[in-house]
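What follows is a set of notes on a single structure, which appears directly below.
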Amino acid sequence: MKRESIQKTGGRADGEGKELITVAVTCYNIEKYVEKAMLCVLHQTYPRLEIIAVDDGSTDRTGQILDEIARKNPERDIRIFHTQNQGPGRARNLAIEEARGAYLGFVDGDDTIEPQMFEWMYTALIHTASDLCICGYKECHVEEQAQPVPEREGVSTHVYDRADIYTLSEEELLTLYIEEDERIKIRNAVWNKLYKRELIASLRMPAQMQYEDILFTMKLIGQTKGACYIDLPLYHYVVDRKDSIMNRGASRGILTDQIPAYRKKDAYLKSIGREDLVCVHDYLVYKKLLLLYTEARRSKDPEKRACLKELRQAILPVRRRMKEIYSCSIANPHEKLRMQLFLLHPVFYNLFMDVNEGLILPMRQGRDPQGVHKP
């Protein structure tokens with residue numbers, strides 16, 4: 001991983017010499033939020049944007065709001081697609097198929113982004129000759145007004161004056177992605193990335209899988225020869241919509257969709273000879289499952305409590321590979337002790353966690369950006 005310090009070059013404000021970027025905004029029943037998201041895209045400082053908004057069969061006013069925005073901005077390159085509800089994977093596939101830009105980015109229709117996001121990501125891609133640019137993100141609450149990226153006193157607004165930018169080799173990209181590095185936030189999500197269209201053109205997302213980002217990103221990283229990372233939170237990710245898909249049965253979604261996707265992720269890593277990363281990946285999966293089990297047991301939500309037996313069954317296979325998994329490069333010995341207590345004495349584990357509630361280690365949960373979309 002190399003920190004870049006590249007002399008900036010000037011660009012014309014009218015967009016001459018800059019390539020077209022397609023921004024895909026996927027939407028489902030988000031009438032309260034979609035206008036704000038679309039305005040963030042319309043107000044981007046990058047001069048050549050094609051905006052594709054896909055209304056995935058909304059039953060509220062989402063589709064009407066999108067049409068109104070397009071009518072009010074006839075000078076902008078905006079295309080609105082209204083489809084039957086088929087899931088966010090199919091909506092994103094439609095955007096991939098319809099995109100005309102040399103580069104493609106995604107925005108969830110209830111999130112917001114910094115005005116410079118696509119300009120800065122494009123600049124980083126060009127200067128580093130990368131296939132993929134990834135940026136940091138900030139988790140925000142629905143009513144929270146995301147604060148803009150702070151300026152450094154006495155410098156310009158050019159990306160190289162405002163952020164650390166790192167180039168990542170194919171090997172570094174894969175390792176940081178699997179390890180879920182907390183500084184270089186690769187993540188499964190499609191929305192903190194700008195892709196060369198040729199990199200993404202042949203890939204498609206499963207239509208109905210709730211965690212469709214996982215397999216898509218795994219395949220994409222396998223094809224990427226080089227990437228760059230902007231260490232600034234250019235994307236603002238809303239974490240607490242009560243009507244979001246992840247707040248309507250997170251535990252069930254983990255069991256039915258995310259775990260099968262993780263198994264396919266393991267199979268890919270094995271196919272390229274990265275057994276070491278399989279252990280790292282499985283360590284994080286079992287850590288997450290144990291956290292979900294503990295939270296479900298404490299929850300008063302009957303849907304979450306109904307998943308307890310299945311969550312326990314999903315955790316038990318770790319017994320066969322305890323030594324291997326908990327010897328991986330990022331393993332925490334305290335996590336190993338917690339898992340051993342759960343496996344050997346589940347009643348004592350439950351009592352211990354009830355008494356020591358504060359010992360649950362913080363993890364991304366609820367609407368986890370690791371592979372989670374908003375409909």
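The values are calculated or read from the model by the stated rules, or taken from the named source; none is laboratory data. No experiment lies behind these values; they were computed from the predicted model shown. Because the Cβ atoms are built from the backbone with ideal geometry, glycine has one as well, and the counts that use them run over all protein chains shown.
What are the pairs with Cβ atoms under 6 angstrom where one residue, in segment 249-277, is farther than 24 Å from Ala331 by Cβ and the other, located anywhere, is modelled with pLDDT under 75 and not polar (S, T, N, Q)? Sequence gap at least six, or different chains.
Asp257/Met209; Asp257/Tyr211
Go through segment 71-80 and count every residue that is in a helix (DSSP H, G or I) and in contact with a helix residue (DSSP H, G or I) (Cβ under 9 Å, 6 or more places away or on another chain).
Initially, segment 71-80 is screened for residues in a helix (DSSP H, G or I), giving 71-72.
Still in the running and in contact with a helix residue (DSSP H, G or I) (Cβ under 9 Å, 6 or more places away or on another chain): none.
Residues that pass the stated criteria total 0.
Can you work out which of the residues in segment 313-335 that are buried (at least 17 other Cβ atoms within 10 Å of the Cβ) and either of a type outside the set (Asp, Glu) or without any contact (Cβ under 8 Å) to a residue 40 or more places away in the chain (or both) is farthest from Arg297 (Cα to Cα)?
Within segment 313-335, the subset buried (at least 17 other Cβ atoms within 10 Å of the Cβ) is 314-315, 318, 325-326, 328, 335.
Filter once more, so that each one left must be either of a type outside the set (Asp, Glu) or without any contact (Cβ under 8 Å) to a residue 40 or more places away in the chain (or both): 314-315, 318, 325-326, 328.
Details: Ala314: 15, Ile315: 14, Val318: 20, Ile325: 25, Tyr326: 24, Cys328: 28 Å.
Top of the filtered list is Cys328.
Within segment 97-137, work out how many residues are hydrophobic (A, V, I, L, M, F, W, C), farther than 25 Å from Gly63 by Cα and in a strand (DSSP E or B).
4
Any residue at all in segment 58-74 that is assigned by TED's automatic domain parsing to the domain that holds Arg197, closer than 26 Å to Val239 by Cα and either touching a residue at least 60 places away in the same chain (Cβ under 8 Å) or within 23 Å of the chain's Cα centre (by Cα) (or both)?
Yes, segment 58-74 contains a residue that is assigned by TED's automatic domain parsing to the domain that holds Arg197, closer than 26 Å to Val239 by Cα and either touching a residue at least 60 places away in the same chain (Cβ under 8 Å) or within 23 Å of the chain's Cα centre (by Cα) (or both).
Checking the condition of a type in the set (Asp, Glu), in the same structural domain as Lys185 (by TED's automatic domain parsing) and farther than 23 Å from Leu220 by Cα, which residue from Asp77, Asp131 passes? First the steps, then the outcome.
Details: Asp131 fails: farther than 23 Å from Leu220 by Cα.
After applying the criteria, what remains is Asp77.
I need every pair where a residue in segment 78-103 that is of a type in the set (Asp, Glu) has its Cβ under 9 Å from the Cβ of a residue that is surrounded by fewer than 20 Cβ atoms within 10 Å (Cβ to Cβ), sequence separation at least 6 or different chains.
Pairs that qualify, where the first residue is of a type in the set (Asp, Glu) and the partner is surrounded by fewer than 20 Cβ atoms within 10 Å (Cβ to Cβ), are Glu97/Ala201; Glu97/Arg204; Glu98/Arg79; Glu98/Phe81.
What is the residue count in segment 274-308 for residues that are outside any helix (DSSP H, G or I) and under 18 Å from Arg263 (Cβ atoms)?
Of the residues in segment 274-308, the ones outside any helix (DSSP H, G or I) are 274, 299-301, 306-307.
Keeping just the survivors that are under 18 Å from Arg263 (Cβ atoms) gives 274.
The total comes to 1.
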